[in-house]
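Worksheet for the structure shown next.
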Amino acid sequence: MKSLLLIFSFFTLLELHAQTAEEYIVKGNAKSKAADYKGAIDDYSMAIKLDPQSARAFHNRAIVKKNLKDYTGALADCNKAIEVGPAYKYSYDTRALLLQMQGDYKAAIRDWDMAIQLDAANADAYSFRGVARARLNDPKGGVSDLTTAIRLDSTNAYYYYNRAYFIMDLKKYQDALPDLNKAITLDANYRDAYFERGNVNYELNNHQAAISDYTKAIELRPDGSAYYWRGIEKMNTSDDKGACADFKEATKLGYEISDKRALKCMKICVKG
């Protein structure tokens, strides 16, 4: 019996070693795609055991750990991937995203810089670096990076939306409008683009256009902020009854109203 167990163990060991690190990576990728994250981690770990210098295995395992919200583990795997394979460009993208999620924008920018150095056509790297720069109070830098991202990929609604957002940070509301229009043209259900276009129209005193945009944002995904700002614009067009109804919806959804005009409107509505 012992000899049979030894033979079985021997052939099992042979079978394991017969599979290459690359084959385990391929298996891990398939499991990751099927959301079998535990199985994927096991396969990537086996690939690493067979080839400790596989940047791809470390990186792919980092992606799975990120999906499981194990951000510390994901970051450690990205660090290792970069250590063993400094030319593997995808590791910088993933680590930069993890750092950005943690609010470490300066470190994220360094990784985006490296990602761009390794692949100058990486539109996403420019886009995310632009976001990081804007978070560090450099909206002009954000606009510059998003402009490059758009030059590389003019079909991404997210790029136009972000560039518009940073242009709004610069108080150039009229200049932000074309980008929001383009984002909506590319994605007719881009809720946040409608909401921000409503904000731009509010700043430009285009009251009816703002109401229309806030209404569309509410249709796509209602929240207190959209109801509140639509209520403000209804007040601006002398629709106090409609404004009051919107303010009530805003408060139901947890939006805290502090604007004196809005509070006064609600009081009058209650009395009426």
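Read-outs throughout are calculated quantities, based only on the coordinates presented, and are distinct from any laboratory measurement. The structure displayed is predicted, hence computed values, not measured ones. A quick note on method: Cβ atoms are made from the backbone with ideal geometry, for glycine too, and the neighbour counts reach across all protein chains shown.
Under the definition of Cα pairs under 8 Å and six or more residues apart, what whole-number percent is the relative contact order of segment 206-272?
With pairs under 8 Å counted, the relative contact order is 28 percent.
In a GNM of the chain with a 10 Å cut-off on Cα contacts, which of Leu180, Leu97, Leu50 has the highest mean-square fluctuation?
Leu50
Using helices alone, what [θ] at 222 nm do you get for the chain, with -39,500 (n - 2.57) per DSSP H run of 4 or more residues, divided over all residues and rounded to the nearest 500?
It lands at -25500 deg cm²/dmol.
In the neighborhood of Val84, defined by Cβ-to-Cβ distances under 13 Å, what is the net charge if each Lys or Arg adds +1 and each Asp or Glu adds -1?
Numbers: positive: Arg56, Arg61, Lys80; negative: Asp51, Asp77, Glu83.
Residues close to Val84 contribute a combined charge of 0.
Would the chain count as rounded, prolate or oblate if I go by the C-alpha gyration tensor, calling it rounded below 1.5 in a/c and otherwise prolate when a/b exceeds b/c, oblate otherwise?
Cα axes put the chain in the prolate bin.
As an exercise, identify the trypsin sites (Lys or Arg not before Pro) in segment 130-206 lying in DSSP coil whose Cβ has no more than 11 other Cβ atoms within 10 Å.
On the way: sites: Arg133, Arg135, Lys140, Arg151, Arg163, Lys171, Lys172, Lys182, Arg191, Arg197; in loops: Lys171, Lys172.
In loop regions of segment 130-206 (DSSP not H, G, I, E or B), the sparsely surrounded trypsin sites (Lys or Arg not before Pro) are Lys171.
Among the aspartates and glutamates, select those whose C-alpha is under 15 Å from the C-alpha of Lys252, and discard any that sit fewer than 8 residues away in the same chain.
Output for Lys252: Asp223.
Structure shown: which of Lys69/Lys182; Lys33/Lys80; Lys66/Lys140; Lys182/Lys260; Lys140/Lys264 lie over 29 Å apart, alpha-carbon to alpha-carbon?
Pairs exceeding the cut-off: Lys69/Lys182; Lys66/Lys140; Lys182/Lys260; Lys140/Lys264.
Can you list the GluC sites (Glu not before Pro) in segment 183-272 that are in a DSSP coil and have 12 or fewer other beta carbons within 10 angstrom?
Glu256
So in the chain, which Cys have no other cysteine's beta-carbon sitting under 4.7 angstrom from theirs?
Singleton cysteines: Cys78, Cys265.
So what is the relative contact order for the chain, in percent, with contacts set as C-alpha pairs under 8 Å and at least six apart?
Reported relative contact order: 7 percent.
Can you give the local net charge around Tyr214? Use residues other than it whose beta-carbon is closer than 14 angstrom to its beta-carbon, Lys and Arg +1, Asp and Glu -1.
My count for the surroundings of Tyr214 gives -4.
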